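A quick write-up on the structure given underneath.
The values are calculated or read from the model by the stated rules, or taken from the named source; none is laboratory data. Computed from a predicted structure; not experimentally measured. As a convention, Cβ positions derive from the backbone with ideal geometry for all residues, glycine included, and neighbour counts pool all protein chains shown. The area values use the complete protein model at the heavy-atom level, side chains included, leaving out ligands, DNA and RNA. Shrake-Rupley method; radii C 1.70, N 1.55, O 1.52, S 1.80 Å.
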Amino acid sequence: MNDPAPTLRQLSCADDYDPNSMPVAKAREVIGRFLTPIISTERVHVRAALGRVLAGDVVSAFNVPADDNSAMDGYAVRFSDLKGDGEVTLKVAGTAYAGVPFKGTVKAGECVRIMTGGVVPDGADTIVMQEHVKAEKDRATVGSGHRKGQNLRRAGEDLAAGQVALKGGLALRPAEIGLVSSLGIGEVTVYRRLRVAFFSTGDELVSIGTVAGEGQIYDSNRYTRHGMLTRLGCEVIDMGVVRDDPKRLEHAFRAAAGAADVVITSGGVSVGEADFVKDLLGKLGEVVFWKIAMKPGRPLAYGKIGAAHFFGLPGNPVSVMVTFYQFVRDALLRLSGRDPVPPLPSFKVPCTSNLKKAPGRTEFQRGVLAQDAAGNWSVRVTGDQGSGILRSMSEANCFIILPDSQGNVVAGTLVEVQVMEGVV
Ligand code: AMP
Ligand code: MG
């Protein structure tokens, strides 16, 4: 897909393509066709690798753990010395500590005192926990009821030599960083970070640090995007506020597309008088512009300016966040090399609120998932759902997703929720 332009043009001629009422799933699918993950990589120390995407498989060069070792403090014995019915007294031939193995071999009639993590000495095949042993000087008396091989951690049971420990495409969490370290690996190869440039459009906007005059409002969308992009591990290029002026917008688009893999704007995509984004994109690149059958976030532009992907999000602060999480997030993760792209978790719970909903579009209402005294989960809607009310995002920990066919929801009905806590 070196030149996506013909495909974009073909799309607008396709039978099921209605740019005035595009279903959410269809818009996602179309975007997916244009995404080619970045290929440049860099080496980073494991300490700097949190959240980065592995550019290839990590293979274990040896067994982890390297040797059979004890899962308990106790005695390493030869199972054949134990009696099925009754006690046997064994001679304690020495001690195996974690990190200081017992050098000899456990002979018939002998055992070795062993600590958790101690290497199981030659000759022994079973660990008896210390609570099941009567110890006196250099003698240990062991009863019946034991199983051959009990309380052992086997060599390679965590990772076998030659095994793929971590697959390429995975983002490193603390668990993976620990796993890499357990292999003695200090540096990993990761994809370079995705570069994302963004700006807000609107004559009414001022940035924080400036006093808002009459009729002006503070730009919040740029700061929301800064946060969302940072959480996704992107390298962010904040290009500020751009006035609703075709010349300035064109300059900003060109600069952003030259500096980044992805450009994300907000505002100016409805078809009001000062909404120049669509026309400009048509001039500078190839654009797919939709009115998506969703609420909030109806107008959305996607396209390419040269090699850069472009997302033109609506201006309303809630619409920005909803369209980001429903369309942009997955695309950015795919471009960043994530494979597979993990979906935001979703499941069904009873809704305790009555919800107003018109059929024919997907709604993403903001909800609060909570547990009652009996431990059962349910969801309620946050207050006013207006697309300018950012408080409804701040109070929410999930989206309530109401599909196209759904009408009003009566309290008590099961609804699909998508968790945003810790993600959004
Ligand atoms: P637009 O899509 O440009 O017509 O903007 C729709 C609404 O969102 C208008 O009320 C704008 O004032 C508001 N808006 C646009 N951009 C921002 C922004 N960056 N921060 C806060 N509100 C915005
Ligand atoms: Mg505007």
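What to note about this one:
- Scanning the stretch 328-350 for residues that are touching a strand residue (DSSP E or B) at 6+ places or on another chain (Cβ under 7 Å) and under 23 Å from Val379 (Cβ atoms) yields Leu344, Pro345, Ser346, Phe347, Lys348, Val349, Pro350.
- Verdict on Ala98 being touching a Cys at 6+ places or on another chain (Cβ under 9 Å) and farther than 30 Å from Asp57 by Cβ: no
- Near pairs, Cβ below 6 angstrom, 6+ apart or cross-chain, from the stretch 287-316 (closer than 24 Å to Ile237 by Cα and free of Cβ contacts under 8 Å to residues at least 40 places away in the same chain) to any residue that is part of a strand (DSSP E or B) and aromatic (Phe, Trp, Tyr): Ala301/Phe289
- Residues satisfying the stated conditions in the stretch 299-316, i.e. surrounded by fewer than 23 Cβ atoms within 10 Å (Cβ to Cβ), of a type in the set (Gly, Ala, Ser) and in contact with a Leu (Cβ under 9 Å, 6 or more places away or on another chain): Ala301, Gly306
- Filtered residues of the stretch 193-240 (kept if within 25 Å of Met420 (Cβ to Cβ), open to solvent by 30 Å² or more (accessible area, probe 1.4 Å) and acidic (Asp, Glu)): Glu235, Asp238
- Among the residues of the stretch 246-272, the ones that are within 10 Å of ligand 1 (Cβ to nearest atom), closer than 25 Å to Tyr218 by Cβ and surrounded by fewer than 20 Cβ atoms within 10 Å (Cβ to Cβ) come to 2 in all.
- Of the residues in the stretch 275-284, not one is away from ligand 2 (no atom under 16 Å from the Cβ) and of a type in the set (Asp, Glu).
- Residues in the stretch 320-334 that are more than 23 Å from Gly282 (Cα to Cα) and of a type outside the set (Lys, Arg): Met321, Val322, Tyr325, Gln326, Asp330, Leu333.
- Identity of the residue in the stretch 277-297, crowded, with 20+ Cβ neighbours inside 10 Å and within 12 Å of ligand 1 (Cβ to nearest atom), that ends up farthest from the chain's Cα centre (by Cα): Val277
- Filter result for Ala301 (farther than 21 Å from Leu390 by Cα, more than 14 Å from ligand 1 (Cβ to nearest atom), of a type outside the set (Val, Ile, Thr) and not assigned by TED's automatic domain parsing to the domain that holds Cys398): no
To keep it simple, each residue is scored yes or no on (1) surrounded by 14 or more Cβ atoms within 10 Å (Cβ to Cβ); (2) modelled with pLDDT under 95; (3) under 30 Å from Gly285 (Cβ atoms).
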| position | (1), (2), (3) |
| --- | --- |
| Ala25 | no, yes, yes |
| Val53 | yes, no, yes |
| Val64 | yes, yes, no |
| Arg78 | yes, no, no |
| Glu87 | no, no, no |
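- Residue count for the stretch 88-118, restricted to those that are farther than 13 Å from Ala135 by Cβ and of a type in the set (Val, Ile, Thr): 5
- Candidates are the residues of the stretch 205-221 that are over 17 Å from Ser394 (Cβ atoms) and touching a residue at least 24 places away in the same chain (Cβ under 8 Å); the one that is nearest to ligand 2 (Cβ to nearest atom) is Leu205.
- Test: residue in the stretch 235-254 that is more than 16 Å from ligand 2 (Cβ to nearest atom) and in a loop (DSSP other than H, G, I, E, B): no
- Counting only strands (runs of 3 or more DSSP E) that sit completely within the stretch 116-185, those holding 1 or more residues that are farther than 20 Å from Val92 by Cα and touching a strand residue (DSSP E or B) at 6+ places or on another chain (Cβ under 8 Å) correspond to 164-166.
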